[in-house]
Every structure is written in C-alpha cells, then in structure tokens.
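Heads up: the structure comes next, in structure tokens.
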Amino acid sequence: MLRDILPEQIIILLNELVDKLSDLTSSFLDAIKLLNEMRIGEARKKLRDTMKIESEADIVRKKIIDLLEESRIDPGFKEDFFHLIKRIDSVADWIKEAARELIIIPYLEIPQPIREGIEKLIDKVVKLAEKVNKAIKSAMSGEYEEAVRLINDIERLEEEADQVNLENRGKLLEYSEQLKPFTLALLIHDLNQDLEEAADSCEDVGDYLRALIASWKKI
C-alpha cells in the first residue's frame, strides 16, 4: 500500500491536511450562509476563521515537505507526492483569497441571480474538497478502486464548476448596470475566479493522486 512507502508521520499529517481543507471550505460556506441571514459581523468573523484555518493548513504542509525531503523513497514517486501537496495547498490558497474578497464585498448589494451563481460555485468547491479528502484517504488505505472512482467524480464536478463559472461571467455582463461602483463588478469577478481556481486545483490534486497510484504499482 502507499502507506507502506510513505513514513507513518507523513500519512498522519496528510490526513490532517485534507481535514483542514474540508474545514476550510465548510467555514467559507458557513460565512456565505451568515451573510444571507444578514448576520454580517458573524460572517466576517467566520471569514477570518477561514483564513486562520488556511494558516494552520500551511503549517501542516511545511511539516510534510520537511519530512518528505528527509525520506528515502523513489525519486519519481517523491516528486509526484510533492506536487500533490502543492496542489492541496493551492486549493487552500484560493479559498483564502476568496475569503479576503468576500470580507470587503457588500455581498447583499449584489443582484440575487449573481449571488445564486456564486453560491452554486461555492457548493461545487465544497463538494470537490470533500471528494479530495476521501480520495486521498482511500488511496492511503489501499482502496485504489475507490480512490480512482472518487478522482473521476472530481473530474466531473470540476467540469460542472467550469460551466457555473461561465454562467456567472455571463451574469456579470447581464446585470452590469446594477453593479455600482464599477469596482464592485471587478471584485465579484475576482471572487468568481478565485473559486474557479480552487475547483481547478482540486482536479489537479486528483491528477497527481492518480499518478501516485500508478507509480506505486510500478514499484
């Protein structure tokens, strides 16, 4: 199994890292719900909590990288694992950027159809992060068929996120006259793009996890 190749401490930290990723996306979703309930102060606190979780995840990531650099495993396998960790970190980074955008955006002033589109994309990202969590844990437990099934789910969800992203960009044009000042449209565009990048990074995680499984089979 993959856990037979990787040091036990790396496996423990990897599980912690993907759990942080799930916590991060769930916290971001909670902030959106609070905004919709007009609980602005609580929402902003939740967004700050989201960024705090990302900082905690970054600490875990650095520990994994340090241990991986010291480990004596197949160089090709190690390189793929490095990329896997970097892509997980990338998902967290984009969610943090989205949280920063949301703190300064007057969210309830955004036209309802645009808000619904943003929330639809957030829902996709939350589901993607959960699939990433389960796929990595399945792979580490030797449940490779299940891991591959989840990776396929990740690819499908990312395609759906792409479509939502396109729809949201169309809505920005459709409701442009209601977005004043102009900088508000730019902030919403950036928020939408951050979420799309998070979805793309989840797909990248799946790609590298698939490569890890293939590498293990060759060792």
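The values are calculated or read from the model by the stated rules, or taken from the named source; none is laboratory data. Nothing here was measured: the structure is a model prediction, and the numbers come from that model. Cβ coordinates were reconstructed from backbone atoms using ideal geometry, including for glycine residues, and neighbour counts include every protein chain displayed. Just so you know, the surface numbers come from the protein's heavy atoms only, side chains and all, with ligands and any DNA or RNA stripped out. Shrake-Rupley method; radii C 1.70, N 1.55, O 1.52, S 1.80 Å.
Take the conditions (1) open to solvent by 50 Å² or more (accessible area, probe 1.4 Å); (2) at pLDDT 95 or above; Ala161 misses just one of them, which is (1). Mind counting the residues in segment 167-193 that are over 19 Å from the mean Cα position of the chain (by Cα), open to solvent by 60 Å² or more (accessible area, probe 1.4 Å) and either among the aliphatic types (A, V, I, L, M) or farther than 25 Å from Gly206 by Cα (or both)? Total meeting the criteria: 10.
State yes or no: is Leu121 closer than 30 Å to Ile5 by Cα, buried (at least 22 other Cβ atoms within 10 Å of the Cβ) and among the hydrophobic types (A, V, I, L, M, F, W, C)? Considered against the rule, which asks whether it is closer than 30 Å to Ile5 by Cα, buried (at least 22 other Cβ atoms within 10 Å of the Cβ) and among the hydrophobic types (A, V, I, L, M, F, W, C), Leu121 comes out as no.
Glu109 satisfies every condition listed in (1) open to solvent by 10 Å² or more (accessible area, probe 1.4 Å); (2) within 15 Å of the chain's Cα centre (by Cα); (3) within 30 Å of Ile40 (Cβ to Cβ) except (2). Taking every residue in segment 68-88 that is more than 15 Å from Val205 (Cα to Cα) and of a type outside the set (A, V, I, L, M) and pairing it with any residue that is assigned to a helix (DSSP H, G or I) and open to solvent by 30 Å² or more (accessible area, probe 1.4 Å), at least 6 positions away or on another chain, the pairs with Cβ-Cβ distances below 8 Å are Ser71/Lys78; Asp74/Ile5.
When restricted to residues that are under 10 Å from Ile151 (Cβ atoms), more than 10 Å from the chain's Cα centre (by Cα) and open to solvent by less than 20 Å² (accessible area, probe 1.4 Å), segment 194-219 contains 3.
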